[in-house]
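Just below is one structure, and these are the notes that go with it.
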Amino acid sequence: MTRRLVVEADGGSRGNPGPAGWGAVVRDAATGALLAERAGYLGFASNNVAEYSGLVAGLEAARDIDPAAHVEARLDSKLVVEQMSGRWQVKHADMKRLAELARGVLPADQVTYTWVPRAQNGAADALANQAMDAREGLWRDHPDGYGPDATPPVEPQAPARARRPSGAAMRFDDAEPLTVVLIRHGETPMTASKAYSGGAVPGPSLTSTGRIQAAKAADIVFRIGRTLWPDLPHPSALRASPMVRTQETAGAVGRRLGLRVELDEAFRECDFGEWEGLSADQIEERWPGDLKRWHVDAEFRAPGGESIEDVGVRVSGALERLRDEAVGRTVVVVAHSVVIRAAIGATLGAPSSVWASARVGPASITILRLWADGEREVTVVGMPTDL
(Lines give C-alpha, C1' and ligand atoms only; values in the text may rest on other atoms or scores of the structure.)
Protein backbone atom coordinates (compact mmCIF):
# COMPACT_ATOMS: atom_id res chain seq x y z
CA MET A 1 0.00 0.00 0.00
CA THR A 2 1.11 3.56 -0.71
CA ARG A 3 2.22 5.37 2.41
CA ARG A 4 0.24 8.48 3.36
CA LEU A 5 1.88 11.52 4.96
CA VAL A 6 0.52 14.81 6.21
CA VAL A 7 2.44 18.07 5.88
CA GLU A 8 1.38 20.93 8.15
CA ALA A 9 2.93 24.22 6.99
CA ASP A 10 2.70 27.84 8.02
CA GLY A 11 4.56 31.12 7.81
CA GLY A 12 4.36 34.57 9.28
CA SER A 13 5.69 38.09 8.92
CA ARG A 14 5.82 40.65 11.70
CA GLY A 15 4.88 43.74 9.73
CA ASN A 16 3.91 42.10 6.43
CA PRO A 17 6.41 42.68 5.03
CA GLY A 18 8.77 42.47 7.95
CA PRO A 19 10.89 39.90 9.83
CA ALA A 20 9.50 36.61 8.58
CA GLY A 21 9.78 32.90 9.28
CA TRP A 22 8.16 29.61 8.37
CA GLY A 23 7.51 26.24 9.96
CA ALA A 24 6.51 22.78 8.77
CA VAL A 25 5.95 19.34 10.26
CA VAL A 26 5.43 15.94 8.65
CA ARG A 27 3.23 13.32 10.26
CA ASP A 28 2.20 9.78 9.47
CA ALA A 29 -1.41 10.04 8.27
CA ALA A 30 -2.45 6.76 9.87
CA THR A 31 -0.96 7.19 13.34
CA GLY A 32 -0.37 10.94 13.64
CA ALA A 33 3.23 10.24 14.62
CA LEU A 34 5.58 13.19 14.17
CA LEU A 35 8.28 12.35 11.62
CA ALA A 36 10.01 15.66 10.84
CA GLU A 37 10.11 19.31 11.91
CA ARG A 38 11.48 22.21 9.90
CA ALA A 39 11.67 25.94 10.56
CA GLY A 40 13.47 28.82 8.90
CA TYR A 41 14.06 32.54 9.21
CA LEU A 42 13.67 34.55 5.99
CA GLY A 43 14.71 38.01 7.03
CA PHE A 44 12.47 40.73 5.53
CA ALA A 45 9.62 39.11 3.61
CA SER A 46 5.85 39.04 3.24
CA ASN A 47 3.43 36.73 5.01
CA ASN A 48 2.54 34.93 1.77
CA VAL A 49 6.18 34.31 0.85
CA ALA A 50 6.73 32.86 4.33
CA GLU A 51 3.71 30.55 3.96
CA TYR A 52 4.92 29.30 0.59
CA SER A 53 8.42 28.77 2.00
CA GLY A 54 6.98 26.57 4.75
CA LEU A 55 5.06 24.54 2.17
CA VAL A 56 8.18 23.95 0.04
CA ALA A 57 10.20 22.84 3.07
CA GLY A 58 7.43 20.56 4.30
CA LEU A 59 7.02 18.87 0.92
CA GLU A 60 10.77 18.37 0.66
CA ALA A 61 10.83 16.79 4.11
CA ALA A 62 7.99 14.44 3.11
CA ARG A 63 9.79 13.52 -0.10
CA ASP A 64 12.92 12.69 1.89
CA ILE A 65 10.90 10.35 4.10
CA ASP A 66 9.17 8.54 1.21
CA PRO A 67 9.29 9.87 -2.36
CA ALA A 68 6.44 7.56 -3.35
CA ALA A 69 4.05 8.63 -0.56
CA HIS A 70 0.77 10.41 -1.10
CA VAL A 71 0.96 13.74 0.75
CA GLU A 72 -1.85 15.87 2.09
CA ALA A 73 -0.59 19.43 2.63
CA ARG A 74 -2.59 21.29 5.27
CA LEU A 75 -2.32 25.07 5.57
CA ASP A 76 -4.44 27.81 7.13
CA SER A 77 -3.69 30.05 4.14
CA LYS A 78 -6.68 30.00 1.80
CA LEU A 79 -4.56 31.80 -0.81
CA VAL A 80 -1.82 29.16 -0.94
CA VAL A 81 -4.27 26.25 -0.92
CA GLU A 82 -6.36 27.70 -3.76
CA GLN A 83 -3.33 28.67 -5.84
CA MET A 84 -1.59 25.32 -5.42
CA SER A 85 -4.85 23.52 -6.21
CA GLY A 86 -4.96 25.42 -9.50
CA ARG A 87 -8.18 27.33 -8.80
CA TRP A 88 -6.53 30.75 -8.35
CA GLN A 89 -3.74 32.34 -10.37
CA VAL A 90 -0.32 33.13 -8.93
CA LYS A 91 0.74 36.61 -9.99
CA HIS A 92 3.40 37.83 -7.54
CA ALA A 93 6.93 37.01 -8.79
CA ASP A 94 8.29 35.65 -5.49
CA MET A 95 5.19 33.56 -4.88
CA LYS A 96 5.22 32.29 -8.46
CA ARG A 97 8.83 31.13 -8.02
CA LEU A 98 8.01 29.39 -4.74
CA ALA A 99 4.86 27.81 -6.20
CA GLU A 100 6.96 26.37 -9.02
CA LEU A 101 9.44 25.02 -6.48
CA ALA A 102 6.60 23.40 -4.52
CA ARG A 103 5.14 21.79 -7.65
CA GLY A 104 8.53 20.40 -8.55
CA VAL A 105 9.09 18.56 -5.27
CA LEU A 106 6.67 15.70 -5.92
CA PRO A 107 4.47 14.62 -8.86
CA ALA A 108 1.19 16.51 -8.87
CA ASP A 109 -0.90 13.36 -8.49
CA GLN A 110 0.83 12.59 -5.17
CA VAL A 111 -0.14 15.84 -3.43
CA THR A 112 -3.48 17.25 -2.31
CA TYR A 113 -4.06 20.58 -0.56
CA THR A 114 -6.42 21.16 2.35
CA TRP A 115 -7.35 24.38 4.13
CA VAL A 116 -7.55 24.06 7.93
CA PRO A 117 -8.49 26.61 10.60
CA ARG A 118 -5.55 28.35 12.24
CA ALA A 119 -6.25 26.55 15.51
CA GLN A 120 -5.53 23.23 13.79
CA ASN A 121 -2.16 24.40 12.48
CA GLY A 122 -0.54 25.18 15.83
CA ALA A 123 2.60 23.07 15.47
CA ALA A 124 3.71 24.73 12.22
CA ASP A 125 2.74 28.17 13.53
CA ALA A 126 4.81 27.64 16.68
CA LEU A 127 7.85 26.65 14.62
CA ALA A 128 7.48 29.72 12.42
CA ASN A 129 7.38 31.96 15.48
CA GLN A 130 10.33 30.15 16.98
CA ALA A 131 12.31 30.87 13.82
CA MET A 132 11.34 34.56 13.93
CA ASP A 133 12.24 34.84 17.61
CA ALA A 134 15.63 33.11 17.28
CA ARG A 135 16.29 34.37 13.72
CA GLU A 136 17.59 30.88 13.04
CA GLY A 137 16.35 27.70 11.41
CA LEU A 138 15.61 24.27 12.84
CA TRP A 139 16.00 20.83 11.27
CA ARG A 140 14.83 17.87 13.32
CA ASP A 141 13.91 14.34 12.20
CA HIS A 142 12.16 11.53 14.09
CA PRO A 143 12.70 8.52 11.78
CA ASP A 144 10.93 6.12 14.15
CA GLY A 145 8.04 8.48 14.69
CA TYR A 146 7.14 10.40 17.80
CA GLY A 147 3.70 10.18 19.36
CA PRO A 148 1.25 12.90 18.31
CA ASP A 149 0.57 13.96 21.91
CA ALA A 150 4.13 13.68 23.18
CA THR A 151 6.71 16.43 23.48
CA PRO A 152 9.58 15.93 21.00
CA PRO A 153 13.06 15.62 22.44
CA VAL A 154 14.94 18.88 22.81
CA GLU A 155 17.44 19.52 20.03
CA PRO A 156 21.01 19.21 21.38
CA GLN A 157 22.60 22.56 22.01
CA ALA A 158 25.63 23.56 19.98
CA PRO A 159 28.89 23.30 21.91
CA ALA A 160 30.25 26.47 23.44
CA ARG A 161 32.30 28.44 20.95
CA ALA A 162 36.03 28.08 21.39
CA ARG A 163 37.86 31.39 21.28
CA ARG A 164 40.96 30.44 19.31
CA PRO A 165 41.27 26.73 18.42
CA SER A 166 44.60 25.17 17.56
CA GLY A 167 45.80 26.20 14.11
CA ALA A 168 43.76 29.40 13.99
CA ALA A 169 45.28 32.75 13.08
CA MET A 170 47.02 34.24 16.10
CA ARG A 171 45.26 37.10 17.90
CA PHE A 172 46.15 38.82 21.14
CA ASP A 173 42.69 40.16 21.86
CA ASP A 174 39.07 39.02 21.78
CA ALA A 175 38.07 40.99 18.69
CA GLU A 176 35.50 39.15 16.57
CA PRO A 177 35.85 39.00 12.78
CA LEU A 178 33.34 38.68 10.00
CA THR A 179 33.23 35.08 8.80
CA VAL A 180 32.45 34.55 5.11
CA VAL A 181 31.67 31.05 3.86
CA LEU A 182 32.23 30.98 0.11
CA ILE A 183 30.51 28.21 -1.85
CA ARG A 184 31.04 27.63 -5.53
CA HIS A 185 27.89 26.63 -7.40
CA GLY A 186 27.31 22.98 -8.24
CA GLU A 187 27.99 21.39 -11.60
CA THR A 188 26.30 22.68 -14.77
CA PRO A 189 26.53 21.29 -18.31
CA MET A 190 29.20 23.91 -19.03
CA THR A 191 31.14 22.96 -15.90
CA ALA A 192 31.22 19.37 -17.11
CA SER A 193 32.35 20.38 -20.61
CA LYS A 194 34.87 22.90 -19.19
CA ALA A 195 33.44 25.73 -21.26
CA TYR A 196 33.87 29.29 -20.03
CA SER A 197 30.58 30.40 -18.45
CA GLY A 198 30.73 34.01 -17.31
CA GLY A 199 28.73 36.66 -15.55
CA ALA A 200 27.40 38.56 -18.56
CA VAL A 201 24.63 36.02 -19.23
CA PRO A 202 22.28 34.18 -16.83
CA GLY A 203 23.94 30.90 -17.73
CA PRO A 204 22.78 27.30 -17.40
CA SER A 205 21.00 25.51 -14.58
CA LEU A 206 22.54 22.85 -12.37
CA THR A 207 22.73 19.28 -13.58
CA SER A 208 21.33 16.47 -11.43
CA THR A 209 24.86 15.99 -10.11
CA GLY A 210 25.05 19.71 -9.37
CA ARG A 211 21.83 19.60 -7.36
CA ILE A 212 23.21 16.74 -5.28
CA GLN A 213 26.43 18.70 -4.74
CA ALA A 214 24.43 21.74 -3.66
CA ALA A 215 22.47 19.67 -1.14
CA LYS A 216 25.69 18.22 0.31
CA ALA A 217 27.22 21.68 0.59
CA ALA A 218 24.05 22.87 2.34
CA ASP A 219 24.33 20.06 4.89
CA ILE A 220 27.93 21.01 5.65
CA VAL A 221 27.16 24.71 6.02
CA PHE A 222 24.26 23.85 8.36
CA ARG A 223 26.78 22.18 10.70
CA ILE A 224 29.05 25.24 10.91
CA GLY A 225 29.11 26.57 14.45
CA ARG A 226 27.66 23.29 15.67
CA THR A 227 29.42 20.04 14.86
CA LEU A 228 31.86 21.61 12.39
CA TRP A 229 34.13 24.56 13.29
CA PRO A 230 32.35 25.22 16.62
CA ASP A 231 34.40 28.39 17.10
CA LEU A 232 32.51 30.04 14.23
CA PRO A 233 29.09 31.68 14.53
CA HIS A 234 26.29 29.72 12.88
CA PRO A 235 25.39 31.34 9.52
CA SER A 236 22.83 34.13 9.80
CA ALA A 237 22.82 35.64 6.28
CA LEU A 238 22.99 34.29 2.73
CA ARG A 239 24.03 36.08 -0.46
CA ALA A 240 24.50 34.87 -4.00
CA SER A 241 25.62 35.92 -7.42
CA PRO A 242 22.60 36.57 -9.67
CA MET A 243 23.51 33.76 -12.11
CA VAL A 244 20.99 30.92 -12.42
CA ARG A 245 23.44 28.28 -11.17
CA THR A 246 24.33 30.26 -8.05
CA GLN A 247 20.71 31.06 -7.26
CA GLU A 248 19.81 27.38 -7.49
CA THR A 249 22.73 26.39 -5.26
CA ALA A 250 21.90 29.16 -2.79
CA GLY A 251 18.27 28.02 -2.77
CA ALA A 252 19.35 24.61 -1.46
CA VAL A 253 21.50 26.28 1.19
CA GLY A 254 18.76 28.72 2.15
CA ARG A 255 16.17 25.99 2.63
CA ARG A 256 18.59 24.05 4.86
CA LEU A 257 19.49 27.11 6.94
CA GLY A 258 16.09 28.75 6.89
CA LEU A 259 17.56 31.89 5.36
CA ARG A 260 16.42 34.13 2.53
CA VAL A 261 18.80 34.53 -0.43
CA GLU A 262 19.94 38.09 -1.16
CA LEU A 263 21.40 38.63 -4.64
CA ASP A 264 24.63 40.64 -4.94
CA GLU A 265 25.96 41.74 -8.33
CA ALA A 266 29.47 42.13 -6.91
CA PHE A 267 29.81 38.34 -6.68
CA ARG A 268 28.80 37.57 -10.28
CA GLU A 269 31.31 35.56 -12.31
CA CYS A 270 33.99 37.18 -14.46
CA ASP A 271 32.72 38.52 -17.77
CA PHE A 272 34.52 36.41 -20.37
CA GLY A 273 33.42 38.61 -23.25
CA GLU A 274 33.93 36.93 -26.62
CA TRP A 275 35.11 33.76 -24.89
CA GLU A 276 31.67 33.13 -23.42
CA GLY A 277 30.58 29.53 -23.98
CA LEU A 278 33.84 28.45 -25.62
CA SER A 279 36.19 25.68 -24.52
CA ALA A 280 39.89 26.27 -23.87
CA ASP A 281 40.76 24.63 -27.19
CA GLN A 282 38.35 26.88 -29.08
CA ILE A 283 39.75 29.98 -27.39
CA GLU A 284 43.32 28.94 -28.16
CA GLU A 285 42.44 28.35 -31.80
CA ARG A 286 40.94 31.83 -32.23
CA TRP A 287 43.17 33.80 -29.84
CA PRO A 288 46.49 31.91 -29.71
CA GLY A 289 48.28 32.43 -26.39
CA ASP A 290 45.71 34.83 -24.94
CA LEU A 291 44.04 32.39 -22.56
CA LYS A 292 47.34 31.50 -20.91
CA ARG A 293 48.19 35.17 -20.65
CA TRP A 294 44.79 35.88 -19.06
CA HIS A 295 45.49 33.30 -16.34
CA VAL A 296 49.06 34.48 -15.66
CA ASP A 297 48.78 38.24 -16.26
CA ALA A 298 45.86 39.21 -14.03
CA GLU A 299 45.62 42.66 -15.64
CA PHE A 300 44.97 41.18 -19.10
CA ARG A 301 41.31 41.33 -20.10
CA ALA A 302 39.40 38.77 -22.12
CA PRO A 303 38.32 40.39 -25.41
CA GLY A 304 35.22 42.41 -24.56
CA GLY A 305 35.35 41.14 -20.97
CA GLU A 306 37.16 41.41 -17.65
CA SER A 307 40.54 40.60 -16.19
CA ILE A 308 41.10 38.64 -12.99
CA GLU A 309 42.11 41.88 -11.28
CA ASP A 310 38.84 43.51 -12.38
CA VAL A 311 37.03 40.74 -10.54
CA GLY A 312 39.31 41.19 -7.53
CA VAL A 313 38.46 44.89 -7.25
CA ARG A 314 34.70 44.39 -7.05
CA VAL A 315 34.94 41.29 -4.84
CA SER A 316 37.31 43.00 -2.40
CA GLY A 317 34.94 45.95 -2.19
CA ALA A 318 32.01 43.64 -1.49
CA LEU A 319 33.90 41.82 1.28
CA GLU A 320 34.87 45.12 2.87
CA ARG A 321 31.24 46.23 2.83
CA LEU A 322 30.15 43.00 4.47
CA ARG A 323 32.83 43.41 7.14
CA ASP A 324 31.82 47.01 7.80
CA GLU A 325 28.16 46.08 8.19
CA ALA A 326 28.85 43.88 11.21
CA VAL A 327 31.53 41.63 12.60
CA GLY A 328 30.87 38.65 14.84
CA ARG A 329 28.58 36.90 12.36
CA THR A 330 28.82 34.37 9.53
CA VAL A 331 27.62 35.25 6.02
CA VAL A 332 27.35 32.56 3.32
CA VAL A 333 28.14 33.71 -0.23
CA VAL A 334 27.43 31.46 -3.23
CA ALA A 335 29.65 32.48 -6.14
CA HIS A 336 32.01 31.24 -8.88
CA SER A 337 35.53 29.92 -9.37
CA VAL A 338 37.19 33.18 -10.51
CA VAL A 339 35.36 35.15 -7.82
CA ILE A 340 36.46 32.77 -5.06
CA ARG A 341 40.05 32.65 -6.33
CA ALA A 342 40.15 36.45 -6.32
CA ALA A 343 38.66 36.56 -2.83
CA ILE A 344 41.26 34.12 -1.50
CA GLY A 345 44.17 35.87 -3.21
CA ALA A 346 43.12 39.38 -2.24
CA THR A 347 42.41 38.36 1.35
CA LEU A 348 45.89 36.84 1.70
CA GLY A 349 47.52 39.77 -0.10
CA ALA A 350 48.99 37.38 -2.67
CA PRO A 351 50.18 38.68 -6.06
CA SER A 352 47.33 38.61 -8.56
CA SER A 353 49.48 36.51 -10.89
CA VAL A 354 48.99 33.48 -8.61
CA TRP A 355 45.28 33.88 -7.86
CA ALA A 356 44.36 31.45 -10.65
CA SER A 357 46.44 28.74 -8.93
CA ALA A 358 43.78 28.00 -6.29
CA ARG A 359 41.71 24.89 -6.94
CA VAL A 360 37.99 25.67 -6.56
CA GLY A 361 35.84 22.67 -7.47
CA PRO A 362 32.06 22.66 -7.93
CA ALA A 363 30.24 23.12 -4.59
CA SER A 364 33.56 23.54 -2.79
CA ILE A 365 33.68 25.54 0.43
CA THR A 366 36.18 28.21 1.47
CA ILE A 367 36.07 30.15 4.74
CA LEU A 368 37.43 33.68 5.10
CA ARG A 369 37.67 35.56 8.41
CA LEU A 370 38.10 39.32 8.22
CA TRP A 371 38.88 41.52 11.23
CA ALA A 372 38.17 45.25 11.34
CA ASP A 373 41.89 45.99 11.79
CA GLY A 374 42.79 44.25 8.52
CA GLU A 375 43.90 40.88 9.92
CA ARG A 376 42.59 37.85 8.06
CA GLU A 377 42.42 34.06 7.98
CA VAL A 378 41.64 31.65 5.14
CA THR A 379 40.47 28.04 5.40
CA VAL A 380 40.22 26.17 2.09
CA VAL A 381 37.97 23.21 2.78
CA GLY A 382 37.38 21.64 -0.60
CA MET A 383 34.45 19.74 -2.02
CA PRO A 384 31.59 18.46 0.18
CA THR A 385 32.28 14.88 -0.86
CA ASP A 386 35.62 15.19 0.94
CA LEU A 387 33.92 15.61 4.35
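The values are calculated or read from the model by the stated rules, or taken from the named source; none is laboratory data. Please read all numbers here as calculations on a predicted model, not as lab measurements. Virtual Cβ from ideal backbone geometry, glycine too; neighbours counted across all protein chains shown. Remember, those area values only see protein heavy atoms, side chains included, never the ligands or the DNA or RNA. Shrake-Rupley method; radii C 1.70, N 1.55, O 1.52, S 1.80 Å.
Just one of R255, R268 is within 30 Å of N129 (Cα to Cα) and under 31 Å from the mean Cα position of the chain (by Cα); which is it? Give the steps one after another, and end with the answer.
On the way: R268 fails: within 30 Å of N129 (Cα to Cα).
None of the others qualify; the one that does is R255.
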Looking only at region 172-187, and only at residues there that are out of contact with any Gly (no Cβ under 6 Å at 6 or more places or on another chain) and assigned to a loop (DSSP other than H, G, I, E, B), the one that is surrounded by the most Cβ atoms within 10 Å (Cβ to Cβ): H185
Options R103, R38, R63, R118; residue that is out of contact with any His (no Cβ under 7 Å at 6 or more places or on another chain), touching a residue at least 40 places away in the same chain (Cβ under 8 Å), open to solvent by 70 Å² or more (accessible area, probe 1.4 Å) and within 26 Å of Q247 (Cα to Cα): R63
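Is it the case that E72 is touching a strand residue (DSSP E or B) at 6+ places or on another chain (Cβ under 7 Å), farther than 21 Å from G251 by Cβ, crowded, with 24+ Cβ neighbours inside 10 Å and touching a residue at least 24 places away in the same chain (Cβ under 8 Å)?
Numbers: touching a strand residue (DSSP E or B) at 6+ places or on another chain (Cβ under 7 Å): yes; farther than 21 Å from G251 by Cβ: yes; crowded, with 24+ Cβ neighbours inside 10 Å: no; touching a residue at least 24 places away in the same chain (Cβ under 8 Å): yes.
Answer is no for this residue.
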Residue among R369, R329, R314, R301 that is farther than 30 Å from D174 by Cα and not hydroxyl-bearing (S, T, Y): R301
Test: residue in region 292-315 that is in contact (Cβ under 8 Å) with a residue 60 or more places away in the chain, within 30 Å of the chain's Cα centre (by Cα) and under 30 Å from E136 (Cα atoms): no
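Only residues that are out of contact with any Asp or Glu (no Cβ under 6 Å at 6 or more places or on another chain), part of a helix (DSSP H, G or I) and at pLDDT 95 or above: list them for region 63-101, please. Don't jump to the end; show me each part of the working.
Taking region 63-101 first, the residues out of contact with any Asp or Glu (no Cβ under 6 Å at 6 or more places or on another chain) are 63-73, 75-76, 78-79, 81-87, 89-101.
From what is left, the residues that are part of a helix (DSSP H, G or I) are 63-65, 78-79, 81-84, 93-101.
K78, L79, V81, E82, Q83, M84, listed by residue number.
Have a look at L238, L138 and point out the one that is surrounded by 15 or more Cβ atoms within 10 Å (Cβ to Cβ), among the aliphatic types (A, V, I, L, M) and at pLDDT below 85. Walk me through how you get there before you give the answer.
Values: L238 fails: at pLDDT below 85.
Exactly one residue qualifies, and that residue is L138.
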Of all residues making up region 201-234, the number that are at pLDDT 90 or above and in a loop (DSSP other than H, G, I, E, B): 6
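Kindly indicate the residue of region 85-100 that is touching a residue at least 12 places away in the same chain (Cβ under 8 Å) and open to solvent by less than 40 Å² (accessible area, probe 1.4 Å) and also nearest to the chain's Cα centre (by Cα) among those meeting that condition.
Step one: filter region 85-100 for residues touching a residue at least 12 places away in the same chain (Cβ under 8 Å), giving 85, 92, 94-95, 98-99.
The next check asks that each one be open to solvent by less than 40 Å² (accessible area, probe 1.4 Å); those that pass are 95, 98-99.
Details: M95: 18, L98: 15, A99: 18 Å.
Across region 85-100, the extreme among qualifying residues is L98.
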Those residues of region 4-24 which are among the acidic types (D, E) and open to solvent by 10 Å² or more (accessible area, probe 1.4 Å), in sequence order: E8
